[in-house]
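The values are calculated or read from the model by the stated rules, or taken from the named source; none is laboratory data. The structure displayed is predicted, hence computed values, not measured ones. Cβ atoms come from the backbone with ideal geometry, glycine included; neighbour counts cover every protein chain shown. The protein model used for the area step is the full one, side chains on, heavy atoms only, and it has no ligands, DNA or RNA in it. Shrake-Rupley method; radii C 1.70, N 1.55, O 1.52, S 1.80 Å.
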Amino acid sequence: MLELERRYADEIVAHALEEYPNECCGILAGQDGRVTRLYRMTNTEHSPYRYSMDPKELLNVNQEIDDSRWELLAIYHSHTHTEAYPSATDVRMATWPDGTSIWPEAYYILVSLMDKSSPAIRAFRIKDGTISEEDLRIV
Ligand SMILES: [Zn+2]
């Protein structure tokens, strides 16, 4: 179960709306499973269909997370025209060529803007190519 403070959920939705119609992406970091930091990342694809986090930003964010002794808790991105469920591309991007997960412990948070007036947010894990939905509680 992932507990997410309302302000982070709001920030994810705001980011998604700003990047619309392209997908947005970002990282949530924190300690003991509690999110304390949100990083907006640049989607280098600038596409409505896919995302790729800027590798240089990712390096810096990973460094800051390590230096602060935080954990990378979640990776979020938006779907602008489909539901909040990982696509085949998302699963491929979450998986090394040998079939194991790049971030096996991280949640994948999907926000859908299919209904822009009522964005849907859901959380998943993608383990070794298999999607499982996780409880997401917004508090
Ligand atoms: Zn996606």
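Remarks
- Ranked by the mean number of other Cβ atoms within 10 Å of their residues, highest first, the peptides 129-139, 99-109 come out as 99-109, 129-139.
- Protein accessible area in region 2-138, 1.4 Å probe - carbon and sulfur %: 47 percent
- Gained length - Arg137 relative to Arg7, 0.36 nm times residue gap less alpha-carbon distance: 45.5 nm
- Residues in region 2-138 average 53 Å² of solvent-accessible surface per residue, probe 1.4 Å, ligands and nucleic acids excluded.
- Antiparallel DSSP beta bridges within the chain, as percent of all bridges there, nearest 5: 75 percent
- Efficiency of FRET between Glu57 and Val91 - r from beta-carbon atoms, R0 30 angstrom, step 0.05: 0.85
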